[in-house]
Amino acid sequence: MLDKIKREKVFKLKERLSREETNQFYMCRNACVRMDFEKATEYDYHCPECHEIMHMQDNTKTIAFLKEKLVTLE
Ligand SMILES: [Zn+2]
């Protein structure tokens, strides 16, 4: 049972990790939203919540965090 939960966690983390590694993410400076490149172009790089221009987010820290989590789980 526990093993199953753990395996699902690992699976989800890996999925998330590959998403982070293969996409560019854009974020509103007011932190309302975070979206991938494709979605950001849909909104013309403007936040749908507050209409501020969105900026590309450096997600190397997120990637490092996810990798670290995976190591502890596995
Ligand atoms: Zn916003």
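The values are calculated or read from the model by the stated rules, or taken from the named source; none is laboratory data. These numbers were taken from a predicted model, which means no experiment stands behind them. All Cβ positions, even for glycine, are placed from backbone atoms using ideal geometry, and neighbour counts span all protein chains on display.
Sort through Ala31, Ala40 and tell me the only one that's loosely packed, with under 13 Cβ neighbours inside 10 Å and farther than 22 Å from Lys14 by Cβ.
Ala31
Hand me the list of strands (runs of 3 or more DSSP E) wholly inside region 10-74 holding 3 or more residues that are of a type in the set (A, V, I, L, M, F, W, C) and either within 14 Å of the chain's Cα centre (by Cα) or at pLDDT 95 or above (or both).
Where strands (runs of 3 or more DSSP E) fall fully within region 10-74 and carry at least 3 residues being of a type in the set (A, V, I, L, M, F, W, C) and either within 14 Å of the chain's Cα centre (by Cα) or at pLDDT 95 or above (or both), they are 25-28.
Collect the residues in region 1-47 that are without any contact (Cβ under 8 Å) to a residue 12 or more places away in the chain, within 23 Å of Lys67 (Cβ to Cβ) and within 16 Å of the ligand (Cβ to nearest atom), keeping them in residue-number order.
None - no residue of region 1-47 is without any contact (Cβ under 8 Å) to a residue 12 or more places away in the chain, within 23 Å of Lys67 (Cβ to Cβ) and within 16 Å of the ligand (Cβ to nearest atom), so the list stays empty.
So which of Glu68, Glu42 is out of contact with any Lys or Arg (no Cβ under 6 Å at 6 or more places or on another chain) and under 30 Å from Leu2 (Cβ atoms)? Give the steps one after another, and end with the answer.
Details: Glu42 fails: under 30 Å from Leu2 (Cβ atoms).
From the options Glu68, Glu42, the qualifying one is Glu68.
Among (1) surrounded by 11 or more Cβ atoms within 10 Å (Cβ to Cβ); (2) of a type in the set (A, V, I, L, M, F, W, C); (3) within 11 Å of the ligand (Cβ to nearest atom), there is one condition Met56 misses while meeting the rest; what is its number?
For Met56, the failing item is (3).
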